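Enquirer: Quick one: the structure is below, and I'll ask about it shortly.
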Amino acid sequence: MAGTDPDRIPLSRARRVIAWQTAAAITVSLLVVGVLALIVVVHSQNAAATSLLRQTAATAEDVDDPPPGVWIFIQNADRRIDASEDVPTGLPDRDGFDQVRDGGGDVLSTIDGREGGYLALTSRRGSRTVQVVMSRHEQHDERERLLGALAVGELVGLLIAALSAGLLARRATAPLAEALSRQRQFVADASHELRTPLTQLHTRAQLLQMDLRAGAAVTEVTADVDHLVTGTRHLGEVVEDLLLSTQLTRRDDIRLPVDLKVVASDVIAEQAPRADDQHVALTLDPGIGAPTMVRGHQVALRRVLTALVDNALSHTPAGGHVSVVIGREHGMVTVVVRDDGAGFDPAQAQRLFARFARAGDDDHRRFGLGLALAREVIAGHGGTIDAWGQPGQGAAFTIRLPPAPEP
């Protein structure tokens, strides 16, 4: 597939880079939040433990009945130490007693021991020195649980970040993929559509050059000049379609009121000389009393009507009739372009709106970009376009657009 889509590799690489960067940013953010939460918890534990030790030391009259997980040690003037029951090994903190006895203030120290160790506060109370020791086992277990929860949260967050980053990367590169796709489509359309008219123009110009060098009279080269003019007109129409195809998705949302009756009148006036040359009647029914105002881009809507009328004239023989009728149907403004020309098989109605479509398997009539762009333009205006036809009974293309809001 990489061979058929040359943009797939750079797009995939861009998606991976965006995904990894986004996932890394989310993961680091979660990690920072987790570290901050751990710091806050540890600080709160230390503050609560210190407060409990000070309160116990201030109220301790003896070593009996200390709070759970707390032991009290009282050193008398003779340096004899009274202790609470069930004192763990390694207690009390004799260095703390020495520091306070040598004239130091309150001493807060940590003592190594079983999980978490101990926190000791030593302070002088008159002639006695009181040391209150608290086990940090519960605080240690609480931190372990918090670390476990943070680790699980980090893993879940990493998974969510990866999924979210992948989705965001795909959405972020979607406009780029669409732009590249439209670029490829434009190049394909341009090469497909311009090759034939340019070749024809070049051939006719060569023939005209040969005739002029051979000394042909003006009357003899008039037909070739007319063909050149017609060819340049067709080439200009192709270029207009190609440019419009690149602008459809870049149009802004600022739309102005457009009077379809005025647009249709301009198109009819523009196509009238051609209709006269083909001996085809070209008429406009403005739908007196029916609303004709819509909101949109006048140039694009004009190009749609031009493409439809041009298509009708191309498929209508001399003596035929092409009509443009403006009306109202189910709250929508309608424009119907009808002809009594060759028509087409109803089963091919949807195919006509494909780029470079043909009328049928046995019908070599081509529709180029015109009808395909017409559907894109009308869909971009919130409307629809449908085709009806019968072989030998003509065709009708119906545009439905929402009316412009009342002022």
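Enquirer: Please specify each residue of segment 293-305 satisfying the condition of being modelled with pLDDT under 85 and either of a type in the set (Val, Ile, Thr) or open to solvent by less than 10 Å² (accessible area, probe 1.4 Å) (or both).
Expert: Result: Val299, Ala300.
Enquirer: Where the second residue is open to solvent by less than 10 Å² (accessible area, probe 1.4 Å) and assigned to a helix (DSSP H, G or I) and the first is over 16 Å from Ala272 (Cα atoms) and lies in segment 303-331, which pairs have Cβ atoms under 6 Å and are six or more apart or on separate chains?
Expert: Cβ pairs passing all conditions: Val304/Ala374; Val304/Val377; Ile326/Leu260.
Enquirer: Can you name the residue in segment 332-343 that is within 28 Å of His279 (Cβ to Cβ), not in a loop (DSSP other than H, G, I, E, B) and not acidic (Asp, Glu) and, of all such residues, is farthest from the chain's Cα centre (by Cα)?
Expert: Here the answer is Arg338.
Enquirer: Considering each residue of segment 65-83, count those that are more than 17 Å from Arg125 (Cα to Cα) and either free of Cβ contacts under 8 Å to residues at least 40 places away in the same chain or among the small types (Gly, Ala, Ser) (or both), and give that number.
Expert: The total comes to 4.
Enquirer: Another question about this same structure. What residue, among those in segment 334-343 that are of a type in the set (A, V, I, L, M, F, W, C) and within 15 Å of Arg302 (Cα to Cα), is surrounded by the most Cβ atoms within 10 Å (Cβ to Cβ)? So that I can check it myself, show each step before the final result.
Expert: As a first pass, look at segment 334-343 and keep what is of a type in the set (A, V, I, L, M, F, W, C): 335-337, 342.
In the following step, the residues that additionally are within 15 Å of Arg302 (Cα to Cα) were identified as 335-337.
Numbers: Val335: 27, Val336: 20, Val337: 25.
If we take residues in segment 334-343 being of a type in the set (A, V, I, L, M, F, W, C) and within 15 Å of Arg302 (Cα to Cα), then Val335 is surrounded by the most Cβ atoms within 10 Å (Cβ to Cβ).
Enquirer: Would you be able to say whether some residue in segment 297-305 is farther than 16 Å from Thr398 by Cβ, of a type in the set (Val, Ile, Thr) and more than 41 Å from the chain's Cα centre (by Cα)?
Expert: Here is the first cut: in segment 297-305, the ones farther than 16 Å from Thr398 by Cβ are 297-300, 302-303.
If we keep only those that are of a type in the set (Val, Ile, Thr) too, we end up with 299.
When the remaining residues are screened for being more than 41 Å from the chain's Cα centre (by Cα), the result is none.
Within segment 297-305, not a single residue is farther than 16 Å from Thr398 by Cβ, of a type in the set (Val, Ile, Thr) and more than 41 Å from the chain's Cα centre (by Cα).
Enquirer: Which of the residues that make up segment 273-292 are among the hydrophobic types (A, V, I, L, M, F, W, C) and at pLDDT 90 or above? Give the derivation first.
Expert: As a first pass, look at segment 273-292 and keep what is among the hydrophobic types (A, V, I, L, M, F, W, C): 275, 280-282, 284, 288, 290.
Of everything in segment 273-292, those that are among the hydrophobic types (A, V, I, L, M, F, W, C) and at pLDDT 90 or above turn out to be Ala275, Val280, Ala281, Leu282, Leu284.
Enquirer: Considering only segment 66-77, state which residues are over 11 Å from Thr129 (Cα atoms) and either open to solvent by less than 20 Å² (accessible area, probe 1.4 Å) or out of contact with any strand residue (DSSP E or B) (no Cβ under 6 Å at 6 or more places or on another chain) (or both). Steps first, please.
Expert: Step one: list which residues in segment 66-77 are over 11 Å from Thr129 (Cα atoms), which gives 66-71.
Result: Pro67, Pro68, Val70.
Enquirer: If you don't mind, there's one more thing I want to ask. Considering only residues that are without any contact (Cβ under 8 Å) to a residue 60 or more places away in the chain, open to solvent by 20 Å² or more (accessible area, probe 1.4 Å) and farther than 13 Å from Val335 by Cβ, which ones fall in segment 373-407?
Expert: Arg375, Ala379, Gly382, Ala387, Trp388, Gln390, Pro391, Gly392, Gln393, Glu406, Pro407
Enquirer: Also: When you check Asp310 against the structure, is it charged (D, E, K, R), modelled with pLDDT of 90 or more and either within 22 Å of Ile268 (Cα to Cα) or open to solvent by less than 10 Å² (accessible area, probe 1.4 Å) (or both), yes or no?
Expert: Details: charged (D, E, K, R): yes; modelled with pLDDT of 90 or more: no; either within 22 Å of Ile268 (Cα to Cα) or open to solvent by less than 10 Å² (accessible area, probe 1.4 Å) (or both): yes.
When the stated conditions are applied, Asp310 does not pass them.
Enquirer: Here's something else I'd like to know. Taking the options Thr50, Thr22, Thr89, Thr56, name whichever one is among the polar types (S, T, N, Q) and assigned to a loop (DSSP other than H, G, I, E, B).
Expert: On inspection, the qualifying residue turns out to be Thr89.
Enquirer: Which residues, taken from segment 251-274, are out of contact with any Ser or Thr (no Cβ under 9 Å at 6 or more places or on another chain), more than 19 Å from Ile399 (Cα to Cα) and in a helix (DSSP H, G or I)?
Expert: Matches in segment 251-274: Ala269, Ala272, Pro273, Arg274.
Enquirer: If I filter segment 128-139 for residues that are polar (S, T, N, Q), within 60 Å of the chain's Cα centre (by Cα) and open to solvent by 50 Å² or more (accessible area, probe 1.4 Å), do I get at least one hit?
Expert: Let us first name the residues in segment 128-139 that are polar (S, T, N, Q), namely 129, 131, 135, 139.
Within this subset, residues satisfying the condition of being within 60 Å of the chain's Cα centre (by Cα) are 135, 139.
Applying the additional criterion that residues be open to solvent by 50 Å² or more (accessible area, probe 1.4 Å) yields none.
Among the residues of segment 128-139, not one is polar (S, T, N, Q), within 60 Å of the chain's Cα centre (by Cα) and open to solvent by 50 Å² or more (accessible area, probe 1.4 Å), which makes the answer no.
Enquirer: Further question: State whether one or more residues within segment 84-99 are touching a residue at least 40 places away in the same chain (Cβ under 8 Å) and open to solvent by 50 Å² or more (accessible area, probe 1.4 Å). Please lay out each step first, then the result.
Expert: As a first pass, look at segment 84-99 and keep what is touching a residue at least 40 places away in the same chain (Cβ under 8 Å): 88, 91-93.
Those still in the list that are open to solvent by 50 Å² or more (accessible area, probe 1.4 Å) too: none.
No, segment 84-99 contains no residue that is touching a residue at least 40 places away in the same chain (Cβ under 8 Å) and open to solvent by 50 Å² or more (accessible area, probe 1.4 Å).
Enquirer: Just for segment 25-65: of the residues that are open to solvent by less than 40 Å² (accessible area, probe 1.4 Å) and under 26 Å from Asp102 (Cβ atoms), which one is farthest from the chain's Cα centre (by Cα)?
Expert: Val63
Enquirer: Just to verify a result, which residue in segment 389-406, among those that are modelled with pLDDT of 90 or more and part of a strand (DSSP E or B), is farthest from Leu352 (Cα to Cα)?
Expert: Looking at residues that are modelled with pLDDT of 90 or more and part of a strand (DSSP E or B), I get Pro403.
Enquirer: Which residue is surrounded by the most Cβ atoms within 10 Å (Cβ to Cβ), if the candidates are limited to segment 100-118 and must be modelled with pLDDT under 90 and touching a helix residue (DSSP H, G or I) at 6+ places or on another chain (Cβ under 6 Å)?
Expert: Checked segment 100-118; the qualifying residue surrounded by the most Cβ atoms within 10 Å (Cβ to Cβ) is Gly116.
Enquirer: Yes or no: segment 94-108 includes at least one residue that is of a type in the set (Val, Ile, Thr) and part of a strand (DSSP E or B).
Expert: Looking only at segment 94-108, we keep the residues that are of a type in the set (Val, Ile, Thr), and these are 100, 107.
Imposing the further condition that a residue be part of a strand (DSSP E or B) reduces the set to 107.
Yes: segment 94-108 contains one or more residues that are of a type in the set (Val, Ile, Thr) and part of a strand (DSSP E or B).
Enquirer: Yes or no: Gly370 among the small types (Gly, Ala, Ser), modelled with pLDDT under 90 and closer than 26 Å to Ala269 by Cβ? Working first, answer last.
Expert: Working: among the small types (Gly, Ala, Ser): yes; modelled with pLDDT under 90: yes; closer than 26 Å to Ala269 by Cβ: yes.
Yes; evaluated as a whole, the condition is true for this residue.
Enquirer: From the set of residues in segment 344-353 that are open to solvent by less than 50 Å² (accessible area, probe 1.4 Å) and assigned to a loop (DSSP other than H, G, I, E, B), which is modelled with the lowest pLDDT?
Expert: Here the answer is Ala349.
The values are calculated or read from the model by the stated rules, or taken from the named source; none is laboratory data. The structure presented is a predicted model; accordingly, all values stated were derived computationally and were not measured. Here Cβ is always computed from backbone atoms with ideal geometry, including for glycine, and neighbour counts include all displayed protein chains. The area values use the complete protein model at the heavy-atom level, side chains included, leaving out ligands, DNA and RNA. Shrake-Rupley method; radii C 1.70, N 1.55, O 1.52, S 1.80 Å.
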